[in-house]
Amino acid sequence: MSQPPNQPPQGGFGAPQDPQQGVPTPPAQPPQMPPAPPAQPGYGYPQAPQPGYGYPQGAPPAGDNPYAQQQPGPYGRPGPYGGQQQPGPYGGGQAPGPYGQQGPYGYPPQQFPGVPAPAGGGRNPFKGKPALIIIAAAVAGLLVIGGGAYALAGGGDEDDKPKAGKSQDAKPSSSPSVDEGDGSGDGEQTNEGLNAGRKPGEDKVLWLKTNDIDVPGSGADALGMWFAGDVVAKVSYKSVTAYGVADGRKNWSVPFTGDICGAPRQTTTDGKVVVGFKDGTSKDADCNQLKMIDLKTGKEGWTKEVPKEGAFDIMTQLELAISGDTVTASRMGPSSAFRVSDGTKLFGKTSGPCTPASFAGGARLIAVETCTKSETEQVEEFDPVTGKAKWTFKVPKGWTVRKVYSVTPLVLYMTNKDKNQWNVTTFKTDGRVRSQLETKDSFQPDCGFSVLDRDLQGCIGAVADANTLYLPTEPKSGGSGGRSNEIVAFDLNTGKAKWRSAAGEGRTMMPLKAEGGSLVAYLEPTYDKGGSVASIAAGGGNPKVLLQHPEAASDIEDSFFSKQVDYVDGRFFISTTRLSGKDDAEEKLMMAFGK
C-alpha cells in the first residue's frame, strides 16, 4: 500500500512528518484486548491492519524497520498502576501488581511516584527518601503501530496542580551584592571523625557542608549542583553558594530577594547559569524572575521577569533548561526562551494547534508540546536561537512524555495511564525512531519529585552513550536481608539487552555517566560499608572500584534526602535537593569524597 505524501515508510513510526498530512489508522485489535485509540490527525493513515496490542507479531517485513521483529509474549499485561491480576507472593489487601507487587515500588495501585516509601525490613538504601520512577517492564503493554510494537509504563500524574495568586509585593531589581566569603567554611563539619579508622583501600571524605541558613518550617528547595573551574555551586533556599571542590571552602555566595524556585541541570560552556526566583516574600508570590550568575566568579548578570504567555500561565515553579546560549523557562502551560549572555527574549508561546510545554536541554534543545485540540503531544528538536523545529515526532493519543533520559542520543520515557503501559523509545538524529526497549525487567532510576507536571530531566541513574542505554533494575531483597540490583545495558540499535552487571549481594548501584568507553556507576552504602564509585567495561563485567568511601561516613552518606550525585575529576559529590526546615536537626547540604 502506498503512503500519503511526506509520510515515513510503514515501519518508521514516529519519523518526522508534515503535520498537515494524514497518518495511518491504528491496527485492528483482538477481541480480548482493549480497543485501540481512534485515529488522530497527524498520526498517518491509511495502512494495512496489523496484529493487536501486546501480541507477538508475524514474520518481520523486509527493509530497515526497527520494529520488524517478533515481540516477547510477557508484554501487553497491565502496568504498574495495578489492575485485575492474580495475587503474587507478597499478597496484601490491595490488588497486587506485576510479579506480586502492589503497583510501583509495592505501593497500592493508585499511589504514584513521589510518595515516600514505606519502611521495610533490613537496611534499605531508599528508606525515607522520595519514591522513584519504576519502569516495570514485565507488565508493559505493547502499542502496535505501523507493524511494530510500542511498549509503555510507569510514572504518575500530579492531578492536583497548585495555583498561585498575584503577589502585591514590588518587583525586585538587583539582589544584594555578592558575599565573597572569608574562607571560614560556614556550615563545615570536621572530617576527622568521618575519616577516623579508615580501613585499607578506603578513600577520604574531603568535606561535608551542613545548611547554615534559616529555612521555613515548611522546608525549602536546595536545587542544582554545578561545576565551573575549581568550584561547585549549590542552591540553598534564597542563595547560591560556591565551594572549592577540593577543600569545601566558601568561595562566594549570591543572596536573592525571594525563594529560588527553578534551576537547570546544565550550565553554558563558559560556566554561566540562570536560576528562577519569586517576585516577593508573600505566600502568593509568583515564580517569575530570572537571574544569570557567572559561576566562576560569583558575579551577577542580568535579572528579568518572565512575561505571562496567556491567562492560564501559572507561575508556581519554573522548569529551566540550557542549550548553548539559550535558557528555556517552562511552567504549568507555556514556555519562554532567553539568551543567557544578555537576557534577550528569543521566543515564547507559538501560535497553532501545538505549543511547547516543557524542554530538555544540553547538546540539543528538545521540546515536548501539547496539542490541545487533538488532546495529543508531539516532540520536536528546536533550534535554540530561533525556536524553529528541525523535526516532529507525533505521540499517539493517550501517551504522555514523562522523562527525557538522554538528549544525545535522544531517549524518551512515556506512559499511558489509562492502559497502565509504558515505553522507552530511542531516536535517530533526524527524529526517526531508532529502537524500543525489549525487556522483562523492572527498572528504578531515581526520579525524585517535582511540583511540575514533568521535570523532564529530573532522573539520575539513566545514562546513554552513542550506542548504549544503561538502566538500574529495581532492587530485590536477598537472603541476607539486604537489597541488590543490576545495571542492564541495552543496544540502542535493537532495543535488546547486551549485558548486565551486579555489585554483589546486598549492594545496589546506579549508572552515573558514560565516559572513556566505559560506564561509571555509584554503589550505594550499606550498614557495614561506605558507598563507592566504580567503572564497568564497555563489554560488561564486574564493577571495578575507582573510589571507596569510608565506612565511618556511611550513615551520613546514606541519609541524603532526594539526592543529586556526580563524579567529576576523580571526586564524588552528593547533595540534597530539599531542606526540611526542622529546627532540631543540622541538615546536610553537600558532601565530597576523593583520594
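Values as computed for the structure displayed
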| quantity | calculated |
| --- | --- |
| Cross-link partners of Lys529 among lysines (Cα-Cα below 28 Å; sequence separation of 8 or more within a chain) | Lys127, Lys129, Lys199, Lys204, Lys209, Lys234, Lys476, Lys513, Lys544, Lys563, Lys588, Lys595 |
| Whole-number D in µm²/s for region 334-475 (Stokes-Einstein; Kirkwood sum over Cα pairs; 37 °C, 0.692 mPa s) | 206 |
| Rg to Rh quotient for region 183-341, alpha carbon positions, Kirkwood Rh | 1.04 |
| Extension gain, Asp214 back to Asp528 (0.36 nm per residue minus Cα-Cα distance, nm) | 109.7 nm |
| Relative packing of peptides 199-208, 502-511 - highest average C-beta neighbours within 10 Å first | 502-511, 199-208 |
| Among the listed pairs Lys291/Lys428; Lys390/Lys498; Lys250/Lys582, those beyond 29 Å (Cα-Cα) | Lys291/Lys428; Lys390/Lys498 |
| Compactness of region 258-376, expressed as Rg and Dmax over alpha-carbon positions, Å | 14.1, 48 |
| Gyration tensor (alpha-carbon) shape descriptor, region 196-236, a/c threshold 1.5 | oblate |
| Region 465-595 - Rg and Dmax from Cα coordinates, angstrom | 15.6, 53 |
| Solvent-accessible area, 1.4 Å probe, carbon plus sulfur percent, for region 312-454 | 51 |
| Dmax and Rg, reported as Rg then Dmax, of region 484-523 (C-alpha, Å) | 11.0, 33 |
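The values are calculated or read from the model by the stated rules, or taken from the named source; none is laboratory data. All of these numbers come straight from a predicted model, not from anything done at the bench. Note: ideal-geometry Cβ built from the backbone for every residue, glycine included; neighbour counts use all protein chains shown. Just so you know, the surface numbers come from the protein's heavy atoms only, side chains and all, with ligands and any DNA or RNA stripped out. Shrake-Rupley method; radii C 1.70, N 1.55, O 1.52, S 1.80 Å.
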